[in-house]
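Take a look at the structure set out below.
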Amino acid sequence: MTMPGNGTPVFNDANCDGTEQNDNDAGIKLELGGTQVEIQGLQNARLYHDEHFAHGIRVTADDTAAPSRKATGFLGLRSPTNLDPNPGLRNAGAVTLGTPMPKWPPGHQSAAFEAVAIKKSLILSPAEIYAECAHHGEEKSNFPWYKIWALSIIAGCYVGLGYTTCLLIGGNLKQAPGVGDNDQYNYGIFKLIYGAVGFPFGFTTIIVCGAELYTSLCAYMTAAWWEGKVDLLDVLRVLSTSWTGNFIGCALIAGLLKASEVFDHKDTTLLRQVEDKLSHGWGAVFVKGIFANWLVGIATWMANAAQDLTGKAVGIWLPISAFAMIGFEHSIANMFMFIMAWCQGDYITAKSFIWYNLIPSTLGNYIGGGICLATTYAIAYGSPPKELGKWVDQNLKLKRS
């Protein structure tokens, strides 16, 4: 189809998903398949219903529009079928949305269609969340080691500050175990307050301000690996660097908190929790680690789904508060708690801490974030099903021959 007078192809009829950007002149890669269109290459791309787009959208062939980050959030770009003189462009290959078309001269207005961008949602769809997280994993694999390390250290500090809030607020209620009169002990109220603010604050800070937490990276890097964006060495490098950086950050913030004396005479809950964590067997800690990072991974997923601060905060709060209230094993949080307890004079051997808690919780955390979450969504929305389908088809064909 061409626009009268200048031979410019016009894209008349499609369903299109996009998010927001206040720039109609930005190039946006599309991939057409029938009438279904996926905006690719830009996050935050908005098509306004204005005079520039009132008569169509100029497109040009672009074979380089490879699958990349999907940008979603809008449903629209429709034209009445009776005003579509040539539907052939619907079945075109990859195209690039270029600059807005000039206005048609008066007299052609009645024959033109209107491109309508209808806001669909402020959150990404599940498939788009998966693609976004896989892209984040690819981005992080390109970071130099010192950048990952620095961001991991600050993440360990944020975790420590979050858990300090849990321990000093919820942990000093009369309803907390070992605090106040025994007849006022209420484990449910204690856990509600304990998990409602502290660790959600720490994790929200990590996501919004930018820091690298080992447990979140388990999900990011596994999704990126499934999509072929990183190799196994990239995954191991990023995870090991972030884990050591988190440990340093936890140790650093614990030392500073010890110097500030904020835990003096208020460490009852801290010491009781450390004692409780060492009372469980290796297998129990491992399984609790799976549940912990399954929930933390869900928080990571939901934070990437939301496009505004409020949405991210709510998405993070629900699963993170649940994990903290239930009492699952988060390896990075445990780093802080054990180091802080040691600073407060608790006798903890390195062997008991590392073997009975840190190792099983670290491994369990990877299973929760990398397998239970990222791999499940890779199977649902990613490349593995396609590759598996090809493999099955090839093998079935061989067997038939």
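A few remarks follow.
- Unmet requirement for residue 150, which otherwise passes all of (1) in a helix (DSSP H, G or I); (2) at pLDDT below 95; (3) assigned by TED's automatic domain parsing to the domain that holds residue 206: (2)
- Odd one out for residue 229, checked against (1) closer than 25 Å to residue 379 by Cα; (2) in a helix (DSSP H, G or I); (3) of a type in the set (Lys, Arg): (2)
- Taken together, the criteria exclude residue 162 from residues that are at pLDDT below 85, within 22 Å of residue 213 (Cβ to Cβ) and either in a helix (DSSP H, G or I) or within 33 Å of the chain's Cα centre (by Cα) (or both).
- A single member of 279, 242, 216 is outside any helix (DSSP H, G or I) and under 26 Å from residue 327 (Cβ atoms), and it is 279.
- Of 171, 188, all but one fail to be crowded, with 21+ Cβ neighbours inside 10 Å, more than 30 Å from residue 140 (Cα to Cα) and modelled with pLDDT under 90; the exception is 171.
The values are calculated or read from the model by the stated rules, or taken from the named source; none is laboratory data. Keep in mind it's a predicted model, so treat the numbers as computed, not measured. All Cβ positions, glycine included, derive from the backbone under ideal geometry; neighbour counts span all protein chains shown.
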